[in-house]
Structure formats: C-alpha cells, structure tokens
Amino acid sequence: AMLGARSGALAGRRVLVTSGPTHEPIDPVRYLANRSSGRQGHAIAEAAAAAGADVTLVSGPVAIPDPAGVRVVRVETAREMLAAVQNALPADLAVFAAAVGDWRPAAERAGKIKKDGSAPPPLALVENPDILATVSGLAENRPRLVVGFAAETDRVLEHARAKLARKGCDLLVANDVSPAGGVMGGERNTIHLLGRDGALETWPTLPKDEVGRRLVERFAALLGGT
Ligand code: CTP
Ligand code: CA
C-alpha cells in the first residue's frame, strides 16, 4: 500500500457524524439540554475511521472521550452545530446521530436571572434549525448517503416512517428511548433500520460500539466500492 493511504471499506470516503446533545443557554449559568451521552454517534465515527474514512465528528457537550482517528469539532448549541456541519461539507456520507435541542430560549439573558422573591420567570422558546433536513435538502453538496436517527418513546415505527419522509434522508435509524429501555445515556441499543423503499430491519440489542461497526459496514455497502 501507498505510504499514508488508508485501507478498509470506507477508504477514500469523507464522513460527517453529529453526536451528543446540544446546550441551549438560558443565562450565563443555565441551559436546556437532554440525556444524550453521545455514545452511539461517537461509536459510528470511530468505526468509520477504523474502516479507513476521513471522519469529522461534530459533537455537542459530552463526558466521553474523543474517538480515535477522528477530527472532532466541539459545539454547544444547535446553531453552532449547523454551522460546523456546513463547514465540514462536502462529504460522501453524513450521519446525524446528535440529539439536537428542538427549541432554544428566545433570548439569552446577559446576566444571571435572580429569584428576587417574585414569580418564576417565563421561559419563551423558539425552534432551532433542523440540521438533518437542511443537509438532506441541499441542491449542491448533498452527501450521497444521508442517515437520520429517530428517538421515539411511543409508536416508534409509525413515527419513524413519517420522519424519514419528512426529513428527506436516505436511511433512518430508529430507536425506542422510553426510560424503561435505558437507551438514552446507556451502553446498549436496539435499532430499527428503515429504508426509503419501505425496507425495515430490527436488529438485536447490542453494545453501541457493535451497532456502530455494523452500521458502518452497511453504509459502506450502500456507497459501493471506491
Ligand atoms: N435533527 C437535526 N436538527 C434538529 C432536530 C433533529 O439534525 N434541529 C436530526 C437528529 O439528529 C436526528 C433526526 O433529526 O437524526 C430526528 O431527530 P428527532 O429528534 O427524532 O426528530 P424531530 O424532527 O426533532 O422530531 P421530534 O423530536 O418532534 O420527534
Ligand atoms: Ca427532536
């Protein structure tokens, strides 16, 4: 092999992965967030790098280590995540595993909100940009394979099918994040893989790094040989 050239199922491919939660500031000391650990997204990024890809991981605030062999761009908010994603394009494959905050406080207060003995402050929210839908809809620079995730607590497949259509992605990884399943923040994951053609697979419950490796194998097969 050539010096420096990588081998593997994703050799020569550029891959973008989002992972983790976002933090949406309320004031300098408070934020809105969610329970995502970043484990599944990070595992996909690491598996893609191990398969020879040039990987950029755009990660919200997480407590787990950076995956090996990956370029990591750290962000806090959904808007920062969108900018970092746009910056990382073009890519052959984009995987949107982040649990992006759907809403952010309408205004970030410059100073800490004080109790001051009166009623609790109102918290007005506005919707964040949809990063996956934005990238799926790109006229130029759309990655050839765009993969979304769907975190659902009920009617998982029904919601996931609708989400796949709404987002315009090529493949959707759906998981049940109801508290009893322990997926959100946990070590293992049970996924359903949905294709645009209606194809559906349900995978056995597996450690998130194994799910990452198997997903990467699948993505490589869909992208075809280099
Ligand atoms: N996503 C995104 N940007 C957002 C919201 C979601 O890129 N502002 C991506 C997620 O990374 C995931 C997919 O969209 O790949 C679906 O996220 P999910 O939260 O399940 O769907 P929503 O469209 O936000 O709908 P809801 O939360 O109401 O179910
Ligand atoms: Ca959401």
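Filtered by the rule that a residue be part of a loop (DSSP other than H, G, I, E, B) and either within 16 Å of ligand 1 (Cβ to nearest atom) or without any contact (Cβ under 8 Å) to a residue 60 or more places away in the chain (or both), the stretch 96-111 gives A97, A98, V100, G101, D102, A106, A107.
Output the residues belonging to the stretch 128-162 that are part of a helix (DSSP H, G or I), farther than 21 Å from M81 by Cα and within 10 Å of ligand 1 (Cβ to nearest atom). Within the stretch 128-162, H159, A160, A162 meet the criteria. Taking the stretch 57-77 as the range and being touching a helix residue (DSSP H, G or I) at 6+ places or on another chain (Cβ under 7 Å) and surrounded by fewer than 24 Cβ atoms within 10 Å (Cβ to Cβ) as the test, the residues that pass are I64, A68, G69, V70, V73, V75. Residue-level check: of (1) away from ligand 2 (no atom under 14 Å from the Cβ); (2) over 15 Å from the mean Cα position of the chain (by Cα); (3) outside any loop (DSSP other than H, G, I, E, B), K114 misses just (3).
Considering every residue within the stretch 103-110, establish whether at least one is away from ligand 2 (no atom under 16 Å from the Cβ), more than 23 Å from N189 (Cβ to Cβ), touching a helix residue (DSSP H, G or I) at 6+ places or on another chain (Cβ under 9 Å) and not basic (K, R). No, the stretch 103-110 contains no residue that is away from ligand 2 (no atom under 16 Å from the Cβ), more than 23 Å from N189 (Cβ to Cβ), touching a helix residue (DSSP H, G or I) at 6+ places or on another chain (Cβ under 9 Å) and not basic (K, R). Scanning the stretch 101-135 for residues that are loosely packed, with under 12 Cβ neighbours inside 10 Å and not aliphatic (A, V, I, L, M) yields G111, K112, K114, K115, D116, G117, S118, P120, P122, E127.
Within the stretch 98-150, the set of residues being charged (D, E, K, R) and touching a strand residue (DSSP E or B) at 6+ places or on another chain (Cβ under 9 Å) comprises D102, R104, E108, R109, K112, E127, R142, R144. The condition (being out of contact with any Cys (no Cβ under 9 Å at 6 or more places or on another chain) and within 16 Å of ligand 2 (Cβ to nearest atom)) is satisfied by just one residue among A151, A139: A151. Residues in the stretch 197-221 that are touching an Asp or Glu at 6+ places or on another chain (Cβ under 8 Å), open to solvent by 10 Å² or more (accessible area, probe 1.4 Å) and not charged (D, E, K, R): P207 alone.
Of the residues making up the stretch 173-190, those that are part of a strand (DSSP E or B) and touching a residue at least 24 places away in the same chain (Cβ under 8 Å) are V173, A174, N175, D176, N189.
Could you list, in sequence order, all residues of the stretch 171-183 that are open to solvent by less than 80 Å² (accessible area, probe 1.4 Å) and at negative phi? Selection gives L171, L172, V173, A174, N175, D176, V177, S178, G181, V183. Within the stretch 40-56, not a single residue is in a strand (DSSP E or B) and within 16 Å of ligand 2 (Cβ to nearest atom). Determine whether the stretch 163-170 contains at least one residue that is near ligand 1 (Cβ under 9 Å from one of its atoms) and exposed (fewer than 15 other Cβ atoms within 10 Å of the Cβ). Checked against the condition, which is being near ligand 1 (Cβ under 9 Å from one of its atoms) and exposed (fewer than 15 other Cβ atoms within 10 Å of the Cβ), the stretch 163-170 yields at least one hit. Against the condition within 12 Å of ligand 1 (Cβ to nearest atom), under 13 Å from the mean Cα position of the chain (by Cα), over 19 Å from E187 (Cβ atoms) and among the hydroxyl-bearing types (S, T, Y), how does T56 come out, does it pass? The answer is no for T56.
The values are calculated or read from the model by the stated rules, or taken from the named source; none is laboratory data. Everything numeric here is computed off the predicted structure, so don't read it as measured data. With ideal geometry, Cβ positions are generated from the backbone for all residues, glycine too; neighbour counts draw on all protein chains shown. Just the protein is used for accessible areas: all its heavy atoms, side chains included, with ligands, DNA and RNA removed. Shrake-Rupley method; radii C 1.70, N 1.55, O 1.52, S 1.80 Å.
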